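Working notes, beginning with the structure itself.
The values are calculated or read from the model by the stated rules, or taken from the named source; none is laboratory data. Fair warning: this is a prediction, and the values are worked out from it, not measured in the lab. Every residue, glycine among them, receives a Cβ derived from its backbone with ideal geometry; neighbour counts consider all protein chains shown. Keep in mind that these areas ignore ligands, DNA and RNA; they rest on the heavy atoms of the full protein, side chains included. Shrake-Rupley method; radii C 1.70, N 1.55, O 1.52, S 1.80 Å.
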Amino acid sequence: MNNDTRPISMKHITTPNLARSFISEQIPLLRSKIGDGKVVTALSGGVDSFVVAALLSKAIGKNLTCIHVDHGLLRKNESEQVIKTFHDVMGTNLIHINATDRFLDKLEGISDPEKKRKIIGVEFSHIFEEEARKIKDAKFLGQGTIYPDVIESHGIKTHHNVGGLSEDLGLELIEPIKFLFKDEVRIVGKELGLPDAVIYRQPFPGPGLGIRCTGAITRDRLEAVRESDAILREEFMKSGLQNKVWQYFTIIPDYRSTGVHNNQRLWDWPVIIRAVNTKDAMSAEIEEIPWVILKRITKRILSEVSGVNRVLYDLSPKPCATIEWE
Ligand code: XMP
């Protein structure tokens, strides 16, 4: 057994009691490993990063600094929500960087999806590093690696995370949830007092809306994808679909089509809706959304999102299509 194998003796965390035992075992372990050292961690807003931050905050309080980098590719109001939840649940040190212009400038004119991912990942690491270096005496990097990250690499698209940073920064890696599966992370998160909006947040890729605004990202399409995504999520919430569908979002491709409004010819973007169910993200089925809901969402997108004249529903399972368009 190497130290990347989940110990056989480790019970699957299925109940609040088991989650409490996990937390009370982890806290002294973290304290003895960290001592008086300082820890930095990236807070993306996903459940894994929040659980790691909450565990570390319980263990070492003020010696933890969380860094939240807003790359401008997050969903509507997402950064504000991350900051609010952080203050509600932890309230220790948070550095919040709005780096929208920096990311969008670097991405200008870049249309290849893998190049976009790379630029976003590298820029994220640079910003994180710049901020982490400002924290005097930082010795450790907390990271929300979970067990599927350790055992799985599907290699079709490169996924963006903060791996490799610890070596560049000369920090020792701390991965308190690296043997947990997602369902266990959620139960632990609940016991740590995280809100359901964080615990049951649908998966959101590291490069964010950047891979849903296909081709070279433009600010107008980015805003349109953000607004249409917000409408979709609001309508799914209203109709209870958010609990039935694993991942749902909108995409704006980089081509226009002809439309008409008030006798005027339009040359605008389409919005594509994607809603899928899956167990492991390796294959996925589309969700059958009632027409009445699709029509309501379409009506809202066409009237509330500027620059859009068409709404489409993606019927493709994975395979052949991947879940994301890029
Ligand atoms: P695909 O598109 O490969 O997506 O069928 C499978 C799952 O992975 C997510 N995904 C990503 N997550 N960085 C991430 O952190 C990425 O670059 C990335 N690309 C895809 C996707 O949202 C889905 O949940």
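Below is a table of values for the structure above.
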read-out: Listed residues SER79, SER21, VAL150: farthest to the positive end of the dipole of segment 1-155 (Cβ charges); value: SER21
read-out: Farthest toward positive dipole pole in the chain [+1 Lys/Arg, -1 Asp/Glu at C-beta], among LEU169, LEU232, HIS126; value: LEU232
read-out: Cross-link reach list, lysines versus LYS134, counting only Cα pairs under 20 Å and skipping chain neighbours closer than eight places; value: LYS38, LYS62
read-out: Nearest-0.05 FRET efficiency for HIS12 and SER283, computed from C-beta distance (R0 30 Å); value: 0.80
read-out: C-alpha long axis of helix 78-89 to longest principal axis of the chain, angle in °; value: 30 degrees
read-out: Cβ-based charge dipole, the chain, positive-most Cα from THR298, ILE135, PRO317; value: THR298
read-out: Structure-based [θ]222 nm, the chain - -39500 (n - 2.57) summed over DSSP H runs of at least 4, per residue, nearest 500; value: -12500 deg cm²/dmol
read-out: Order by protection proxy (mean Cβ within 10 Å, highest first), peptides 60-73, 24-37, 266-279; value: 60-73, 266-279, 24-37
read-out: The chain, relative contact order [Cα under 8 Å, separation at least 6], %; value: 17 percent
read-out: Cα gyration tensor shape of the chain, rounded if a/c is under 1.5, else prolate or oblate by comparing a/b with b/c; value: prolate
read-out: Nearby aspartates and glutamates by direct alpha-carbon distance to LYS178 (threshold 13 angstrom, same-chain neighbours under 8 apart not counted); value: ASP4, ASP48, ASP149, GLU152
read-out: Highest to lowest packing among 288-296, 247-255, 205-213, 139-147, scored as the average C-beta count within 10 Å; value: 205-213, 139-147, 247-255, 288-296
read-out: 1.4 Å probe accessible area per residue over segment 1-118, in Å²; value: 49 Å²
read-out: Nearest-ten-degree value, helix 182-191 long axis tilted from longest Cα axis of the chain; value: 70 degrees
read-out: Aspartates and glutamates whose Cα lies under 19 Å from that of LYS115, excluding same-chain neighbours fewer than 8 positions away; value: ASP101, ASP105, GLU123, ASP254, GLU324, GLU326
read-out: Check: the chain dipole with +1 on Lys, Arg Cβ and -1 on Asp, Glu Cβ, in debye; value: 560 debye
read-out: Portion, in percent, of the accessible area of the chain that falls on carbon or sulfur, probe 1.4 Å; value: 52 percent
read-out: Whether segment 235-326 is rounded, prolate or oblate, judged on the alpha carbon gyration tensor where a/c under 1.5 counts as rounded; value: oblate
read-out: Dipole in debye (nearest 20) - segment 268-326, about Cα centre, beta carbon charges: Lys, Arg +1; Asp, Glu -1; value: 280 debye
read-out: Tensor-based shape of segment 162-250 (alpha-carbon gyration tensor, a/c under 1.5 rounded, otherwise prolate or oblate); value: oblate
